[in-house]
Amino acid sequence: MKAKKWIALFSALSLLLSALYAGINIAVDPFGVFGDRLLDFYEYDMTMNPRVAKLAYLEKNHDKYDSYIIGCSKTSSYPVEYLNKYFDASFFNAFAYGGDMADEEKIAKYIIENYSPKNIVVAMSPEAAYTYDVEEDSLKDNLHCKFDGSFSVPFYAKYAFLHPSYSFNKLKAYKNRGFLPNSDTVFNSESGAYNKIVRDSIPIGSIDDYLKYESSQFEITHARRLEYIDECTESVARIKEMCDKHGVSFTLIASPMYSAEQKCYSEEDMKKLMISLAEVTDYYDFWGYNTVSEDIRYFYDGYHFRNCVGKMALAYIFNDSETYFPGNFGHLTTAENVSEHADSALNKANAEIEKESANVPILMYHHITPKPSEGVSVSIAKFEEQIKALSDAGYTAVSYERLMSFVDSGEPLPDKPIVITFDDGYESNISLAAPILEKYGMCATIAIVGVTEGCTTYKDTGSGITPHFSLDDPRVAELGKKGIIDIETHTYDMHQVEKYDGEGCRMGAVMLENESEEEFIKALTDDLQSANNRIKSATGKDTVVYTYPYGFYSSLSEEVIHSLGIRVSVTTDYGTNEIIKGVEQSLYLLKRISVSEDVTGENLVSTITSLSDNK
């Protein structure tokens, strides 16, 4: 074969291989730049590079949105559902890693000129004046060519001829995807925000307990000079100017910071930045030392505040008195008041840190017996001794509803609150325990098992069990009206017993062996809906408290039940609980103190006092 033919064949083969190579990358689309038509896996694409993938996603979906919030990764913590509520809009969270204000300006410009938004919200951290117009990774840190106006052919070619490992890794992540996010899928593509359901399943109680999970995430020791204040401020000014020109509402928010991050910046630099911003526009300032900045439980780590803090910030901006936020949290900063405000906010000695949490013990009872008994049962005489001791010691029984009001709106709790609970739904809770509770001005929550409600035998086995009360018993409604008992769920039929249900039965809200994630989610969802339907039909109220059978739970079960409207989840883990205003996760996975016959009233009070003092 002649040389020319060899060259032609080689060239043709090279072109074919190149086309195949590019075709695979275009089809799999690891960064989502080509529309991700094959997999539609933008959770992965945005994780790889939100600056690129979000624009590609919006090109197909921008008709769903009329408003946008932009900024650094902190910006993810302003929940779109509350932005939508307060602005009466449909928001997309267009934040990007790092929050480089040069990039944010280009993103805002493209959105304003191409999507005709109603609102642009810029949420910024002092970090925006620490770096400016920096690109550290040409694949993962760069803008989409449509944002920065660069030549499109080299941009798309770069992603078409990626190393095959990028496509392989995306295919692997697609195969391994599940209900819960992982390191490959940290975004919710529809909202544009981080998917934080796993982080939000971590229980939050005392600071010491929280640090067991997150201590290394709060170590910030470096110092940062804000060398790009002028450049940052000029970008903000140009974004505002574009908004004004196109009739777009503009809002600037200085996002909350943990105090350790604030110490990274000098007071001089911070004040200069605050004054420079105020000369451009009025803005809502959450910088400085305040109740939130001084409590690590309001943060996921040293740099990122919780979604609940974003919700509180929006409540402050819109003066929502029904949603809790600390009295020293937030300031409408203007050119006229910025100097005085900065002097006050940046001086930690001026900060009045309020106590925004309450220690709440939860007692766990089961069956009440006429005479002394063994196991988890408690005799009526011992039960009265225990309740009287609590009353004499100044404890006030509160409902879970009171705890929710404390978290949601800051409604005060009594000085020594306690929650009394009964598991399973025994008839003795109504006939024996309730009169004692009423006598001492106490209340309790009874978590019933749906399938044994009103039963004296176990399901269809014919085997006798300790009698359980029926929700149709008129005493239940009467005690509910008096505020003595609340009814919540202990599952409908997930509190199974191997003795009766057989080996391999579902003993709690956990996956069975060889059960798929999808099957478990459906089983848990169906069970909770059955429980709620029965309780609501009898009481008129949805169930919002989920007491885990046998205390078994997981991140998956937590996300499922909370997605179905459960506000409070309760375990059998030992201890008391620190409930925190504004932090709904402090109502998750609550601990309890199991009370038995051998516990005297004096010992019970002593135990509770000791546990509370150690918080």
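The values are calculated or read from the model by the stated rules, or taken from the named source; none is laboratory data. Everything quoted here is computed from the prediction, not taken from an experiment. No Cβ is skipped: glycine too gets one built from the backbone with ideal geometry, and neighbour counts run over all protein chains shown. Only protein heavy atoms, including side chains, enter the accessible area calculation; ligands, DNA and RNA are left aside. Shrake-Rupley method; radii C 1.70, N 1.55, O 1.52, S 1.80 Å.
Taking the stretch 291-313 as the range and being of a type in the set (Ser, Thr, Tyr), part of a loop (DSSP other than H, G, I, E, B) and open to solvent by less than 40 Å² (accessible area, probe 1.4 Å) as the test, the residues that pass are THR291, SER293, TYR300.
Per-residue answers, yes or no, for (1) part of a helix (DSSP H, G or I); (2) within 30 Å of MET270 (Cβ to Cβ):
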residue: LEU332; (1), (2): no, yes
residue: SER373; (1), (2): no, no
residue: VAL376; (1), (2): no, no
residue: PHE422; (1), (2): no, no
residue: ILE430; (1), (2): yes, no
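Within the stretch 76-91, not a single residue is open to solvent by 30 Å² or more (accessible area, probe 1.4 Å) and modelled with pLDDT under 95.
Scanning the stretch 407-436 for residues that are open to solvent by 10 Å² or more (accessible area, probe 1.4 Å) and aromatic (Phe, Trp, Tyr) yields a single hit, TYR426. Across the stretch 234-258, the qualifying residues are those that are in contact (Cβ under 8 Å) with a residue 60 or more places away in the chain, out of contact with any strand residue (DSSP E or B) (no Cβ under 7 Å at 6 or more places or on another chain) and open to solvent by 10 Å² or more (accessible area, probe 1.4 Å), and the one among them that is farthest from SER293 (Cα to Cα) is HIS246. Could you identify the single residue in TYR284, TYR316 that is open to solvent by 40 Å² or more (accessible area, probe 1.4 Å), in contact (Cβ under 8 Å) with a residue 40 or more places away in the chain and not in a loop (DSSP other than H, G, I, E, B)? Exactly one of TYR284, TYR316 is open to solvent by 40 Å² or more (accessible area, probe 1.4 Å), in contact (Cβ under 8 Å) with a residue 40 or more places away in the chain and not in a loop (DSSP other than H, G, I, E, B), namely TYR284.
Kindly indicate whether ASN533 is surrounded by fewer than 21 Cβ atoms within 10 Å (Cβ to Cβ), of a type outside the set (A, V, I, L, M, F, W, C) and at pLDDT below 95. Steps first, please.
Details: surrounded by fewer than 21 Cβ atoms within 10 Å (Cβ to Cβ): yes; of a type outside the set (A, V, I, L, M, F, W, C): yes; at pLDDT below 95: no.
In short, no.
Selection of the stretch 179-233 for residues being assigned to a loop (DSSP other than H, G, I, E, B), among the polar types (S, T, N, Q) and either in contact with a helix residue (DSSP H, G or I) (Cβ under 8 Å, 6 or more places away or on another chain) or open to solvent by 50 Å² or more (accessible area, probe 1.4 Å) (or both) yields ASN182, SER183, THR185, ASN188, SER189, SER191, ASN195, THR221. Listed by first and then second residue, the pairs linking a residue in the stretch 164-182 that is farther than 21 Å from TYR194 by Cα to a residue that is open to solvent by less than 80 Å² (accessible area, probe 1.4 Å) and part of a helix (DSSP H, G or I), with Cβ atoms under 6 Å apart and 6 or more places separating them unless they lie on different chains, are SER167/ASN25; SER167/VAL28.
Every residue, every condition in (1) of a type in the set (Ser, Thr, Tyr); (2) at pLDDT 95 or above; (3) farther than 30 Å from LEU58 by Cβ, yes or no:
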position: ASN188; (1), (2), (3): no, yes, no
position: LYS196; (1), (2), (3): no, no, no
position: ARG199; (1), (2), (3): no, no, no
position: PRO203; (1), (2), (3): no, no, yes
position: TYR210; (1), (2), (3): yes, no, yes
position: PHE218; (1), (2), (3): no, no, yes
position: ARG225; (1), (2), (3): no, no, yes
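Exactly one residue out of TYR550, TYR574 is at positive phi and surrounded by fewer than 21 Cβ atoms within 10 Å (Cβ to Cβ): that is TYR550. Look at the stretch 144-159: where a residue is under 19 Å from TYR57 (Cβ atoms) and a partner is among the polar types (S, T, N, Q) and in a helix (DSSP H, G or I), sitting 6+ places away or on another chain with Cβ atoms under 6 Å, you get CYS145/SER152.
The number of residues in the stretch 460-506 that are of a type outside the set (A, V, I, L, M), open to solvent by less than 30 Å² (accessible area, probe 1.4 Å), at negative phi and over 31 Å from the mean Cα position of the chain (by Cα) comes to 3.
Counting just the residues of the stretch 554-574 that are in a loop (DSSP other than H, G, I, E, B) and at pLDDT 95 or above, which one comes out nearest to LYS522 (Cα to Cα)?
LEU564
Residues in the stretch 382-403: is at least one open to solvent by 20 Å² or more (accessible area, probe 1.4 Å), touching a residue at least 40 places away in the same chain (Cβ under 8 Å) and closer than 30 Å to LEU83 by Cα? Yes - at least one qualifying residue is present in the stretch 382-403. Taking the criterion of being open to solvent by 30 Å² or more (accessible area, probe 1.4 Å) and not basic (Lys, Arg), the residues of the stretch 536-547 that qualify are SER537, ALA538, THR539, GLY540, ASP542, VAL544.
Looking at the stretch 104-119, which of the residues that are among the charged types (D, E, K, R) and either modelled with pLDDT under 95 or over 22 Å from PRO256 (Cβ atoms) (or both) is surrounded by the most Cβ atoms within 10 Å (Cβ to Cβ)? Of everything passing the filter in the stretch 104-119, GLU105 is surrounded by the most Cβ atoms within 10 Å (Cβ to Cβ).
Per-residue answers, yes or no, for (1) farther than 17 Å from LYS459 by Cβ; (2) in a loop (DSSP other than H, G, I, E, B); (3) in contact with an Asp or Glu (Cβ under 7 Å, 6 or more places away or on another chain):
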{"site": "GLU515", "(1), (2), (3)": "yes, yes, no"}
{"site": "ALA531", "(1), (2), (3)": "no, no, no"}
{"site": "LYS536", "(1), (2), (3)": "yes, no, yes"}
{"site": "ASP542", "(1), (2), (3)": "yes, yes, no"}
{"site": "TYR546", "(1), (2), (3)": "yes, no, no"}
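Among the candidates TYR57, TYR68, TYR44, the residue that is open to solvent by less than 30 Å² (accessible area, probe 1.4 Å) and not in a helix (DSSP H, G or I) is uniquely TYR68. Being closer than 28 Å to GLY71 by Cβ and free of Cβ contacts under 8 Å to residues at least 12 places away in the same chain is a condition met by at least one residue of the stretch 202-215.
One line per residue, one yes/no per condition, for (1) among the hydrophobic types (A, V, I, L, M, F, W, C); (2) at pLDDT 95 or above; (3) not in a strand (DSSP E or B):
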| site | (1), (2), (3) |
| --- | --- |
| MET242 | yes, yes, yes |
| PHE250 | yes, yes, no |
| ILE253 | yes, yes, no |
| LYS272 | no, yes, yes |
| LEU277 | yes, yes, yes |
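Within the stretch 587-615, restricting attention to residues that are closer than 16 Å to VAL378 by Cα and open to solvent by 10 Å² or more (accessible area, probe 1.4 Å), the residue that is nearest to the chain's Cα centre (by Cα) is SER594.
Here's the yes/no breakdown for (1) open to solvent by less than 10 Å² (accessible area, probe 1.4 Å); (2) assigned to a helix (DSSP H, G or I):
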position	(1), (2)
VAL121	yes, no
THR131	no, no
LYS140	no, no
LEU171	no, yes
